[in-house]
Structure formats: structure tokens, C-alpha cells
Amino acid sequence: MIRINENTIDDWLLSAQRKLEYWEPDIFFEELRTPRRDAYASTFQRPEAALELIKDKLEAAKVRAPRPFHIMNIEAPGGCWELGTQISPDLTTFMAPNGHKIDTETYRFVYLLCHAIVVDEHDVVRHQCNNRACIRPDHLLLGTQAQNVLDEDRRKYAGHTSQGRGQALDAQVKKHLQRRPDPFVVEPLAHDETTKPSDQWD
Ligand SMILES: [Zn+2]
């Protein structure tokens, strides 16, 4: 039997559970309190429902075949776990135990929970696989907005945009939409829903 050296969903949930058990507010927590940080803190203190939610999301994700070797893929080996599309990544709404509603991209929620990290508004969760539909925890990385813009530039030099994997898509994406707006705005590109995902993949 071939042993695939990749973490399963259960592995991720177990490691998230362990990190959350040991989570406690850091020394800056009181100073930096915002409703959103409080919501994450209360979630981390009682994470059962949130873990259940990301379990469902991870299980619902479509597992893609590993991408071919390419210098751009080197930081995110293995196939992506996709939910939603690159242009409209899946969204999560979660009622934190403190009553504050967290509305965010699923990849962000998965990452923060798996790593038990309370972040600031200016922190962004980056995709090392350049695939915004991906929620696979080891394809995600925490960074600053500046790094995210740098990622975008690197992608362009490599012939990719955040809207797609190939230069062919550039023709269909208006110039002003090629750089992802912040905060993220869902862009109504009808062809994305009707095109088979495999068409975009190759
Ligand atoms: Zn990925």
C-alpha cells in the first residue's frame, strides 16, 4: 500500500484542537481589543462548534490532483482543497460564543482556527498555492497586506493573476479587476459558474 504523506482532515482537526486547548490571550490582547478579536477569543475558548463547522467545510471541499511541478507551486505541494471559486471563495458565517457574528472567507476562518491565531484587521491570510478557492490549511500562510500585494506581483510575473491560473484568463477579466480589491468584492463573472472547473484547471 502506498503511504501518502499528507495530513488528513482528522489530523488537522486534532492539531487544531490541541493548539486551541493551550490558547490564551497574549500580553497585548487587552490593549488591542476589538469586537472581532473578542469574537475569535471567545471562539477559541469554546471551539467545539467552530471545529464542527470547519470539519464540514473541509469535507465538502473538492480535492484536486497535485499540480505539476512549477517554481510557483514549490511552497504548496499537493493538491488544493477547493470550496467555491477563485473569484468567489466560499464564505463562512459563524456565531461566536460571545454573540458576535464572524463573517469571513472560509479559508481565513480555517487558517485562524487551525493555528489558534487572533489577528488584526490588516493581517491577511495568503494562498501559497495562488488558488483563492483553496481552504487546505498547509497551503495558507499569515501575512501582511504588503506581502499580499507582493504575491500578486509575483503571480503576474509568472503569468498568473489572482483571478485565474493562466494568462488566457486575462482576456476575460477587465484590467481594473485583475488586482483583487481590498476589502474583497465579489466580481460577477458569469462564465466562472458555467465553466467546468476542469476547464480552468488545465
Ligand atoms: Zn491550495
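Before moving on, here are some points about what is shown:
- Simple spin-label estimate for LYS19 and ARG46 gives 2.3 nm between the two label positions (7 Å along the Cα-to-Cβ direction from each Cα).
- Convex hull projection area averaged over all views, region 9-148, Cα basis, nm²: 8.5
- Rounded to the nearest 20, the size of the Cβ-charge dipole of region 1-54 about its Cα centre is 100 debye, with Lys and Arg at +1 and Asp and Glu at -1.
- Using alpha carbons only: equivalent-ellipsoid semi-axes of region 90-151, gyration tensor based, whole Å: 20, 13, 10
- Cα point-scatterer Debye curve for region 78-125, base-10 log of I(q)/I(0) at q = 0.27, 0.30, 0.31 Å⁻¹: -1.20, -1.28, -1.29
- A dipole drawn for region 9-148 from +1 and -1 charges on Cβ atoms has a positive end, and of PHE109, THR34, ASN98 the residue lying farthest that way is PHE109.
None of the figures in this text is laboratory data; all of them are computed from the coordinates on show. Keep in mind that this is a model prediction, so the values were computed, not measured. Methodologically, a virtual Cβ is constructed for each residue, glycine included, from the backbone with ideal geometry; neighbour enumeration extends over all protein chains shown.
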